[in-house]
Amino acid sequence: MSDNENMMDEEDIEPDYYIDRAPEAVFIPNREGENKEVQVIDRDLDLFDFNLEAEPILQVLVGKCLEHARIEVIEEYEQKTLATHKGMYKQMKESELMET
């Protein structure tokens, strides 16, 4: 028996789709301490007041956004004005060159 008789054509071989992976780990949290509950009474003044605490932060964020927007508008206006002045200067320069 020769080796050629035992050989298979590579096109007839099916690929093995099994991918060897480690099993996925199961997350089990550590139990520490005791579970407790807290009863919150409505309008309790000792607790966190969202409106009172969030207002200064929102004022800063909105103020920064408005300031940034105002700076962008000013920069756009300056660019348009500069482009207008450049165009006028270029026209004056060309007219002076044509006169000479």
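Would it be correct to say that K36 is in a helix (DSSP H, G or I) and out of contact with any Lys or Arg (no Cβ under 9 Å at 6 or more places or on another chain)? Considered against the rule, which asks whether it is in a helix (DSSP H, G or I) and out of contact with any Lys or Arg (no Cβ under 9 Å at 6 or more places or on another chain), K36 comes out as no. For the condition modelled with pLDDT of 90 or more, on the phi < 0 side of the Ramachandran plot, among the aliphatic types (A, V, I, L, M) and surrounded by 10 or more Cβ atoms within 10 Å (Cβ to Cβ), I57 does not qualify. Do we have any residue at all in segment 8-24 that's at pLDDT 80 or above and either charged (D, E, K, R) or exposed (fewer than 10 other Cβ atoms within 10 Å of the Cβ) (or both)? Yes, the conditions are met somewhere in segment 8-24.
Of all residues in segment 42-61, those satisfying the criterion of being among the hydrophobic types (A, V, I, L, M, F, W, C) and not in a loop (DSSP other than H, G, I, E, B) are F50, L52, A54, I57, L58, V60, L61. Please tell me if E78 is loosely packed, with under 10 Cβ neighbours inside 10 Å, out of contact with any helix residue (DSSP H, G or I) (no Cβ under 6 Å at 6 or more places or on another chain), charged (D, E, K, R) and at pLDDT 85 or above. Criteria not met by E78.
The values are calculated or read from the model by the stated rules, or taken from the named source; none is laboratory data. None of these values were measured; they are calculated from a predicted model. Because the Cβ atoms are built from the backbone with ideal geometry, glycine has one as well, and the counts that use them run over all protein chains shown.
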